[in-house]
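Enquirer: Dropping a structure here in C-alpha cells format, bear with me for questions.
The values are calculated or read from the model by the stated rules, or taken from the named source; none is laboratory data. This is a predicted model, so every value here is computed, not measured. Here the Cβ is made from the backbone with ideal geometry for all residues, glycine too, and neighbour counts use every protein chain on show.
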Amino acid sequence: MKKSLVSTLCLFFLICLVAASCAQGSYAQVYDTNDDAGKLTARFINMITDTGDKSGDATILTSPDGKVMLIDAGDPAAAGQVVAALQEMGITHIDFLVASHPHVDHIGGFPAVMQAFEIGQVMTSYIVYPTVYYDAYMAEITAQDLEHVYLSRGDVFAFGDDVTVEVLWPESEIAYYDGYPQSSTQFVNNLSLAMKFTYGESKMLFSGDLYSSAERELVALYGDLLDCDVLKANHHGDSTSSCKPFREAVSPQITVMISDILSDLNTYKKFVKDGSTVYITHYNGNVKVSTIGDGTYQVLAEQAWEFGF
Ligand SMILES: [Zn+2]
C-alpha cells in the first residue's frame with residue numbers, strides 16, 4: 001500500500017515535471033524570437049507537401065548572441081514553408097546555411113532560401129552528387145558568389161561567441177564506387193554531416209539521414225562523446241536508423257523527428273522506452289527547443305500529441 005502511494009506520488013511529480021518543461025503554443029509563439037537572447041534554440045519546421053513527396057528536414061538554430069543557422073531546407077515543394085518560418089522570426093540574414101547531405105528533401109529548398117535571404121556561408125560536406133537539385137544549389141552559390149565552406153570530421157567552428165560546433169562525420173575523402181550515383185541512397189545518407197553543438201552544459205546532435213551502419217561507426221569512433229541532450233532523429237525517425245548502440249551512446253533527453261510520413265512508430269517507441277521525450281513534427285507541429293546552457297530545456301510544441309502504448 002505504502003509502496004503504491006509512493007509510486008503514485010512519483011508518477012504525479014513526473015507528470016508535473018514534464019508539464020513544466022513542455023508547453024503548447026501557436027505557430028506564432030513557436031517562431032516568436034522575443035525570448036531568444038541568451039539561449040541556444042532549435043526550431044524544427046513542420047513541412048507538408050501536396051505533391052506526395054517527402055517534405056524533408058529543416059531546422060533553424062539561433063545562438064545566444066543571435067547568429068542564425070539553417071540546417072537543410074526541405075523539398076522544393078516545402079521551401080515556401082521554410083522561407084515563411086524564417087520570415088516569421090524576422091530573419092533577413094542567415095549566417096550559416098548547412099546541407100546535411102545533398103538529397104532533394106534536404107537541399108531542394110536551398111535556391112529559394114538563397115534568393116529570399118542574405119547568406120553568410122554555405123556549409124556542406126565534400127560529397128559530389130550530380131543531380132538537378134545538387135546542380136541547382138551549386139549554381140546558385142556560383143551565381144551569388146557565396147562563400148562555400150567544406151566541412152569534414154575533426155573540424156570545429158564557433159556558432160556565435162558561446163556555442164561550439166564539432167563536425168563528427170564524414171571524412172573529407174569520399175570513396176565513390178563504380179557506377180556512382182546509381183543506387184546510392186544509403187551511400188549518400190551515410191555521408192550526412194554529423195554536428196555536435198555544445199553550449200555550456202547543453203549538447204545537441206544533428207546527423208541528417210545516417211543509417212544504422214554509419215551510426216555504429218560513429219559509436220566506435222566517439223563512444224560516450226556522442227552523449228547529447230537533444231537529438232534530431234536520423235532519417236526522419238525511420239527504422240533504417242537509430243540503432244540501439246547509437247541510442248545508448250547519445251542517450252537524448254529530447255528526441256525530435258522531422259517527418260510528414262512515418263511508416264511505423266517502432267523507432268518512436270524505442271526512444272520512449274529508453275526514457276527520451278519524443279516529438280514528431282507530423283503530430284506535434286512546429287517544435288521549439290531552447291536552453292540557457294545549463295543542461296535543462298524548454299520545449300514549445302504546437303500540438304501536445306503523445307502516443308499511448
Ligand atoms: Zn531525408
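Enquirer: Name the residues in segment 161-211 that are within 24 Å of CYS228 (Cα to Cα), of a type in the set (Asp, Glu) and away from the ligand (no atom under 16 Å from the Cβ), would you?
Expert: Answer for segment 161-211, where residues must be within 24 Å of CYS228 (Cα to Cα), of a type in the set (Asp, Glu) and away from the ligand (no atom under 16 Å from the Cβ): ASP161, ASP162, GLU166, GLU171, GLU201.
Enquirer: Still on this structure, please answer the following. From the residues in segment 225-277 that are within 16 Å of the ligand (Cβ to nearest atom) and among the charged types (D, E, K, R), which one is surrounded by the most Cβ atoms within 10 Å (Cβ to Cβ)?
Expert: LYS232
Enquirer: Which of the following residues is among the small types (Gly, Ala, Ser), more than 16 Å from the ligand (Cβ to nearest atom), assigned to a helix (DSSP H, G or I) and surrounded by fewer than 24 Cβ atoms within 10 Å (Cβ to Cβ): ALA85, ALA77?
Expert: None of the others qualify; the one that does is ALA85.
Enquirer: Cβ-Cβ distance below 8 Å, separation of 6 or more or different chains: which pairs start in segment 182-198 with a residue that is in contact (Cβ under 8 Å) with a residue 60 or more places away in the chain and end on one that is within 12 Å of the ligand (Cβ to nearest atom) and in a helix (DSSP H, G or I)?
Expert: Sorted first by the residue in segment 182-198, then by its partner, the pairs are ASN189/HIS235; SER192/ASN234.
Enquirer: Check whether at least one residue in segment 102-110 is surrounded by fewer than 23 Cβ atoms within 10 Å (Cβ to Cβ) and within 16 Å of the ligand (Cβ to nearest atom), and report yes or no.
Expert: The answer is yes; a qualifying residue exists.
Enquirer: Still on this model: Residues in segment 57-72: is at least one within 21 Å of GLN121 (Cβ to Cβ), away from the ligand (no atom under 16 Å from the Cβ) and surrounded by fewer than 19 Cβ atoms within 10 Å (Cβ to Cβ)?
Expert: yes
Enquirer: Here's a follow-up. Give all pairs with beta carbons closer than 6 Å in which a residue from segment 94-105 that is farther than 16 Å from GLU140 by Cα meets a residue that is hydroxyl-bearing (Ser, Thr, Tyr) and within 11 Å of the ligand (Cβ to nearest atom); count only pairs at least 6 apart in sequence or on separate chains.
Expert: What qualifies is SER100/SER192; HIS101/SER192.
Enquirer: Let me ask something else. Assess whether VAL113 counts as being under 24 Å from ASP36 (Cα atoms) and within 16 Å of the ligand (Cβ to nearest atom).
Expert: no
Enquirer: Of everything in segment 31-56, what is away from the ligand (no atom under 16 Å from the Cβ) and closer than 23 Å to ALA99 by Cβ? Give them in sequence order.
Expert: TYR31, LEU40, THR41, ALA42, ARG43
Enquirer: Next question. Is there a residue in segment 18-34 that is among the β-branched types (Val, Ile, Thr), surrounded by fewer than 13 Cβ atoms within 10 Å (Cβ to Cβ), in a helix (DSSP H, G or I) and at pLDDT below 95?
Expert: yes
Enquirer: Residue check: is ALA37 of a type in the set (Gly, Ala, Ser) and not in a loop (DSSP other than H, G, I, E, B)?
Expert: Criteria not met by ALA37.
Enquirer: Just one of the numbered conditions (1) among the acidic types (Asp, Glu); (2) buried (at least 17 other Cβ atoms within 10 Å of the Cβ); (3) more than 15 Å from ALA194 (Cα to Cα) is not true of GLU166; which one?
Expert: That leaves (3) as the condition not met.
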